[in-house]
1. Where is the GNM fluctuation largest for chain A (alpha-carbon springs, 10 angstrom cutoff): A:17, A:70, A:60?
2. Can you list which of the chymotrypsin sites (Phe, Trp or Tyr not before Pro) found in the stretch A:76-108 are DSSP loop residues with at most 13 other C-beta atoms within 10 Å?
3. Between the alpha-carbon centers of the stretch B:62-104 and the stretch A:1-80, tell me the distance in whole angstrom.
4. Here is the link list: A:42/B:66; B:14/B:41; A:42/B:41; A:59/A:79. Which ones come out longer than 21 Å on Cα distance?
5. At a Förster radius of 35 Å, what calculated FRET efficiency corresponds to the Cβ-Cβ distance of residue B:41 and residue B:74, to the nearest 0.05?
6. Using the Kirkwood formula over every pair of different C-alpha atoms, what hydrodynamic radius in Å results for chain B?
7. Order these by the 10 Å Cβ neighbour count, fewest first: B:41, B:64.
8. Listing A:63, B:55, A:98 from the residue with the fewest other Cβ atoms within 10 Å to the one with the most, what is the order?
Amino acid sequence: EDQVTQSPEALRLQEGESSSLNCSYTVSGLRGLFWYRQDPGKGPEFLFTLYSAGEEKEKERLKATLTKKESFLHITAPKPEDSATYLCAVTGGTSYGKLTFGQGTILTVHP
Amino acid sequence: GAVVSQHPSWVICKSGTSVKIECRSLDFQATTMFWYRQFPKQSLMLMATSNEGSKATYEQGVEKDKFLINHASLTLSTLTVTSAHPEDSSFYICSARVRGSSYNEQFFGPGTRLTVL
């Protein structure tokens, strides 16, 4: 069974204070690891897909990296508008096509 | 691109009534759509996978007679909560995969908040 564990559960940062969110996963034959951002009362917004260890992707202040066991979402010089819940999900060989989500990290960035 | 809409965005109904939620892919075709529910402060739980022109596949523990799914076209899937009860109150979110894409991303709708009185 695919499993995804995100840490920390909540993270409070000052504006400009860079940090990283962690996503540890267990999946048989990874077919994709996904990062989403979710604002309160809204659906998840797609950020990145990573497929193989060593892969990196960037978008504005966000950078996602992937190893064989975990992924990191690095946030550089965050702004208050980056405050949201960040969700990690995987799909793999036995559950291909379906996403298994982690519990999310609630990020709060204070001005 | 890859925009998914849901209607309604929120609904309040009395116990025992049925509620239909629509999920549309606006700028792409989707052979596969997914339905999730999310309880407060919890992550998304997959309820069912909807394939155009065929019966939906439900996850273990989800009552298929209670949550009726129809995927009648490449841009529309509907979820009907039949004989709704207060415990069905939740945030329902759909997602869609782009038809023919070699990537596995799912694009999500804005969600529907269902409150059953």
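1. A:60
2. Working: sites: A:86, A:96, A:101; in loops: A:96.
Of the chymotrypsin sites (Phe, Trp or Tyr not before Pro), the ones in loops of the stretch A:76-108 whose Cβ has at most 13 other Cβ atoms within 10 Å are A:96.
3. The stretch B:62-104 and the stretch A:1-80 have Cα centres separated by 26 Å.
4. On the way: A:42/B:66 24 Å; B:14/B:41 25 Å; A:42/B:41 13 Å; A:59/A:79 14 Å.
Over 21 Å Cα-Cα: A:42/B:66; B:14/B:41.
5. Numbers: r = 35 Å, r/R0 = 0.99.
The value I calculate is 0.50.
6. Working: mean 1/r = 0.0708 Å⁻¹.
Averaging 1/r across every pair of different Cα atoms and inverting gives 14.1 Å.
7. Working: B:41 10, B:64 13.
Lowest count first: B:41, B:64.
8. Details: A:63 16, B:55 12, A:98 19.
By the 10 Å Cβ count, ascending, the order reads B:55, A:63, A:98.
Taken together, the values in this text are just the output of simple stated rules run on the coordinates, not laboratory data. Since the structure is predicted, the reported quantities are computational estimates derived from the model, not experimental observations. Heads up, the Cβs are rebuilt from the backbone with ideal geometry, glycines too, and the neighbour counts pull from every protein chain shown.
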